[in-house]
Amino acid sequence: MAPVEALTDHAERCARTLADAADVRVVTHDDADGLTAGAIAAEALDRAEIPASVRVVDGLSTDRIESIAADGGTVWFTDIGSGQLDAIAAQSDWTPVVADHHQIADASIDAHCNPMLAGLDGASDLSGAGAVYLVARALVGSEARDLAAQAVVGAVGDRQLVDGELVGANAAIVDEGEAVGVIERTTDLDVFGRQTRPLPQVLASASVSIPGVLDDPATVTAWLATHVDDPDQRWADCAPATRQTIASALFQAAIERGVPADRIDDLVGTAYTLAREPDGTALRDAAEFATLLNATARYDESEVGIALARGERGDVLDRARELLETHRENLSAGVDLMLDRGTTTETAIQWVDLEDAVRPTIVGIVASLARSELPDRPIIAFADDDGDRKVSARGPARLVRAGLNLGVAMDRAATHVGGEGGGHDIAAGATIPAGSERAFLDEVDAIVAEQVGGAEGGPAD
Ligand code: C5P
Ligand code: C5P
Ligand code: C5P
Ligand code: ZN
């Protein structure tokens, strides 16, 4: 469990600061990782009998940090804050605690838990919810271990899987969740929707294309009919023998149709199941749970997401399911629009402006989902955002290995045009003033060209 131990000191310092507080205001980020991070924080404080409130924000501008600090007291930033550590450190007469995994601004504070402080990768070794989980464990001990389930949902929601599975400190947290029976990990097809969706949609979500088989739900349905009795059942309902039949037939088809061996490997991944949740619900699969959470906060109903992540059901779950319908439609329409419109290619990047056709809160998810279709260069997507422009950047792993760091590129280029940005090497974002897009793009293009040097374009991995 070395990756977790490397952060013990940082987690313990955060926990001591929280334990000394009369009450704590939790400020968290508005995506699945942020909601699970906020939920773990609230549960841990509750168990430590420290009164707490939770507020969900879409970002932290310097103005917002100043106004939060002005109210004084102890504020726990979760899945957010490291990128704005300079602004946080500059305030006085309050006690900030930060548990996050974003790239760290040039400053330090006493109570800060971030995988990068221990040389771990913030995009794959530990999520924001994971960083909060480590603090929760330092605060309330083994009583926090059931919260590993939420930490896994956060990591999966942030797409931290490497070759289909969680690694590093995330994997250590999975071990803890398995030990207390809240998480099960199984090798499975690397697909989305195992619990709630019918087989054709599930198989069509695989990132591998097998011509004539895994093209779209229609070809999958036709192919499935030759292998199973009921092609419309859900993956979770299939008998183990049926799943085995389908998986073997898929591998066979892939080999026959000449799919390269390394792409065939991509058919396989790890399923993270929330063992205590009901069968056949989105709550039981970590990826589906994460999507359900995204469907709340990205539509201004973050309180629904926090309650759901803390274990509330009933009306809260009904509302989340309603929101999910809209979210799915929006994502699907957003990806179609992005691919129809196509990207404009610069030296080192490609970009597309989705204007007001895609909400600023989901343009990043749309760019992530479209990324496998646009593998040559990092994608920069713009959307209108309340008079400003929201920017989301996503890059191929191959270029990250060659030096790409979109978090640095977004931070520098946004600052250059009077905006704010940051994030991870592989996925980052910014908000910039309307009208500054061209200057911003030129800056990003120059920075990325320098980062990746002569790295060749080519298929994503
Ligand atoms: O703010 P936060 O760190 O929670 O958001 C991470 C974002 O980065 C998510 O939108 C996630 O989809 C994206 N990401 C990605 N590919 C990765 C890692 C993260 O698209 N390999
Ligand atoms: O099948 P469709 O493209 O409509 O799927 C959209 C929905 O599936 C969204 O809710 C999206 O978040 C989710 N999805 C995902 N990861 C995938 C595939 C789909 O989160 N790999
Ligand atoms: O918003 P989007 O999903 O594109 O964000 C990708 C990553 O960049 C997330 O980790 C997000 O927290 C980060 N980001 C940031 N500063 C911004 C916008 C996004 O650090 N202004
Ligand atoms: Zn996160």
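The values are calculated or read from the model by the stated rules, or taken from the named source; none is laboratory data. All values derive from a computational prediction rather than experimental measurement. Using ideal geometry, Cβ is built from the backbone for each residue, glycine included, and neighbour counts are taken over all protein chains shown.
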Worksheet item: Just checking, how many residues over the stretch 166-195 are touching a helix residue (DSSP H, G or I) at 6+ places or on another chain (Cβ under 9 Å) and either within 19 Å of P240 (Cβ to Cβ) or in a strand (DSSP E or B) (or both)?
Response: 9
Item to complete: Kindly indicate whether L250 is in contact (Cβ under 8 Å) with a residue 12 or more places away in the chain, on the phi < 0 side of the Ramachandran plot, in contact with a strand residue (DSSP E or B) (Cβ under 8 Å, 6 or more places away or on another chain) and assigned to a helix (DSSP H, G or I).
Response: yes
Item to complete: Might you let me know whether the stretch 210-217 holds any residue that is closer than 24 Å to R371 by Cβ, of a type in the set (A, V, I, L, M) and in contact (Cβ under 8 Å) with a residue 40 or more places away in the chain?
Response: yes
Worksheet item: Residues of the stretch 111-120 being closer than 11 Å to A11 by Cα and part of a loop (DSSP other than H, G, I, E, B), which ones?
Response: A111, N114
Discussion item. Filter the stretch 420-454 down to the residues that are of a type in the set (D, E) and in a strand (DSSP E or B) and list them by number.
Written reply: E420
Fill in: Contacts under 6 angstrom Cβ, first residue in the stretch 277-303 being in contact (Cβ under 8 Å) with a residue 60 or more places away in the chain and at negative phi, partner among the aromatic types (F, W, Y) and not in a helix (DSSP H, G or I), 6 or more apart
A286/Y272; A287/F192
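Residue by residue, here is whether (1) farther than 21 Å from A370 by Cβ; (2) in contact with a strand residue (DSSP E or B) (Cβ under 6 Å, 6 or more places away or on another chain) holds:
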| position | (1), (2) |
| --- | --- |
| G154 | yes, no |
| I173 | yes, no |
| E176 | yes, no |
| V182 | yes, no |
| R194 | yes, yes |
| Q201 | no, no |
| T221 | yes, no |
| A225 | yes, no |
Fill in: V202 modelled with pLDDT of 95 or more and either among the β-branched types (V, I, T) or within 16 Å of ligand 1 (Cβ to nearest atom) (or both)
no
Worksheet item: Any idea how many residues of the stretch 310-331 are part of a helix (DSSP H, G or I) and either within 16 Å of ligand 1 (Cβ to nearest atom) or charged (D, E, K, R) (or both)?
Response: 11
Discussion item. If I88 satisfies all but one of (1) within 30 Å of E312 (Cβ to Cβ); (2) of a type in the set (A, V, I, L, M); (3) more than 13 Å from ligand 3 (Cβ to nearest atom), what's the number of the condition it fails?
Written reply: (1)
Fill in: Cβ pairs under 9 Å, 6+ apart, first in the stretch 438-461 and more than 14 Å from R377 (Cβ to Cβ), second modelled with pLDDT of 95 or more and of a type in the set (D, E)
D442/E346
Worksheet item: In this structure, does G280 turn out to be outside any helix (DSSP H, G or I), surrounded by fewer than 16 Cβ atoms within 10 Å (Cβ to Cβ), over 24 Å from the mean Cα position of the chain (by Cα) and not charged (D, E, K, R)?
Response: no
Practice prompt. Please find, within the stretch 337-371, the residue that is surrounded by the most Cβ atoms within 10 Å (Cβ to Cβ) out of those that are over 21 Å from the mean Cα position of the chain (by Cα) and part of a helix (DSSP H, G or I).
Written response: L337
Worksheet item: Being within 26 Å of D262 (Cα to Cα) and surrounded by fewer than 19 Cβ atoms within 10 Å (Cβ to Cβ), is that true of even one residue in the stretch 223-234?
Response: yes
Worksheet, complete the sentence: Of the candidates G141, G130, the one satisfying the condition of being among the small types (G, A, S), outside any strand (DSSP E or B) and touching a helix residue (DSSP H, G or I) at 6+ places or on another chain (Cβ under 6 Å) is G130
Fill in: Subset of the stretch 372-408 that is out of contact with any strand residue (DSSP E or B) (no Cβ under 7 Å at 6 or more places or on another chain), part of a helix (DSSP H, G or I) and touching a residue at least 12 places away in the same chain (Cβ under 8 Å) - its residue that is surrounded by the most Cβ atoms within 10 Å (Cβ to Cβ)
L399
Response to the item:
Sole miss for A151 among (1) within 16 Å of ligand 2 (Cβ to nearest atom); (2) surrounded by 24 or more Cβ atoms within 10 Å (Cβ to Cβ) is condition (1)
